[in-house]
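What follows is calculated from the coordinates using simple rules that are stated; it is not laboratory data. It should be emphasised that the depicted structure is a prediction, and the values quoted were computed from it without experimental measurement. Virtual Cβ from ideal backbone geometry, glycine too; neighbours counted across all protein chains shown.
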Amino acid sequence: MPKVELRKRAIQIEDIFHEGGPVADRPYRRAAIIAVIRNPFAGRYVEDIIGFSDDLKPLGLDMAKALIDALGRDPKTIEGYGKGAIVGAAGEVEHGALWHVPGGYAMREALGGALAIVPSAKKVAGVGARLDVPITHIDASYVRSHFDAIEVGLVDAPRADELLLALAMTTGPRVHNRAGGLKASEIKARDGLR
């Protein structure tokens, strides 16, 4: 498969102190890391592309570790995650789908074995496009307090022959969460759901 060619990388971090209610005891941190790479399949249809997913695994692990470091270096503080991809206009959405395994498993490994499915979003779009990356709790998908999203994008990416790949993490529940449901402290099953 083709070599992964990285053009640029960016990290964004938000510290959220309140959403109109009382100031939180500790800010909620929501962050994303973005990598922009050349799409080796841009401009043509290629039947066998799955091998490129394996080629992306080292990039995914590097990105997951860098994001944990940016959030304070302690994987135990991470409670939410998600992933996404924007495919440049000369590609197809299936090229973004190749990010599912290397992005998701990289975060699970870097976090010490998180159980919940890593939510994802992907689309084909032009330069400067934005993507809302969904986020859920790392160990149980039904923990409503951790349902969130972070918008990612760069003004000069993805170019038509590029992929913009993103990972997202959070450090707890949303500030002022009041949607009810299963609490993180009530997670019992080890199936990634409850």
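What does the C-alpha gyration tensor say about the overall shape of the chain? Classify as rounded when a/c is under 1.5, otherwise prolate if a/b is larger than b/c, or oblate.
It comes out prolate by the Cα gyration axes.
Can you compute the modelled spin-label distance between Lys57 and Asp25, with each label point 7 Å from Cα toward Cβ, in nm?
Going from the Lys57 label point to the Asp25 one covers 4.1 nm.
Under a 10 Å cutoff between Cα atoms, tell me which one of Ala70, Ala157, Ala140 has the largest fluctuation in the Gaussian network model of the chain.
Result for the chain, Cα springs under 10 Å: Ala70 fluctuates most.
Gain in length, Glu47 to Glu94, computed as 0.36 nm per residue apart minus the alpha-carbon separation, to one decimal in nm?
Extra length from Glu47 to Glu94 when fully extended: 15.9 nm.
Sum up the lysine pairs in the stretch 6-186 that clear both bars: alpha-carbon distance under 13 Å and a spacing of 8 or more or different chains.
4
Which GluC sites (Glu not before Pro) does the stretch 1-91 hold that lie in a coil by DSSP with at most 13 other beta carbons within 10 Å?
Glu5, Glu19, Glu47
Taking only Cα atoms and a 10 Å spring cutoff, compute GNM fluctuations for the chain and point out the largest among Arg38, Arg174, Arg73.
Judging by the Gaussian network model, the answer is Arg73.
Using alpha carbons only, how many angstrom separate the centre of the stretch 1-59 from the centre of the stretch 116-170?
If you average the Cα positions of each part, the centres end up 7 Å apart.
At a Förster radius of 22 Å, what calculated FRET efficiency corresponds to the Cβ-Cβ distance of Ala70 and Phe17, to the nearest 0.05?
0.75
Would you compute, from DSSP H runs of 4+ residues alone, the mean residue ellipticity of the chain at 222 nm, taking -39500 (n - 2.57) per run and dividing by the full residue count, rounded to the nearest 500?
So the calculated ellipticity at 222 nm is -5000 deg cm²/dmol.
On the first, second and third principal axes, largest extent first, how far apart are the outermost C-alpha atoms of the stretch 1-102 in Å?
Result for the stretch 1-102: principal-axis Cα extents of 53, 26, 21 Å.
Treating the angle as unsigned and between 0 and 90°, give the value, to the nearest 10°, between the Cα long axis of helix 57-70 and the longest Cα principal axis of the chain.
With both axes taken from Cα atoms, the answer is about 40 degrees.
At 7 Å along the Cα-to-beta-carbon direction for both Lys123 and His176, put a label point, then send me their distance in nm to one decimal.
Going from the Lys123 label point to the His176 one covers 2.7 nm.
Return the distance in nm (one decimal) between the two label points of a simple spin-label model at Arg144 and Arg9, each offset 7 Å from Cα along Cα→Cβ.
3.8 nm
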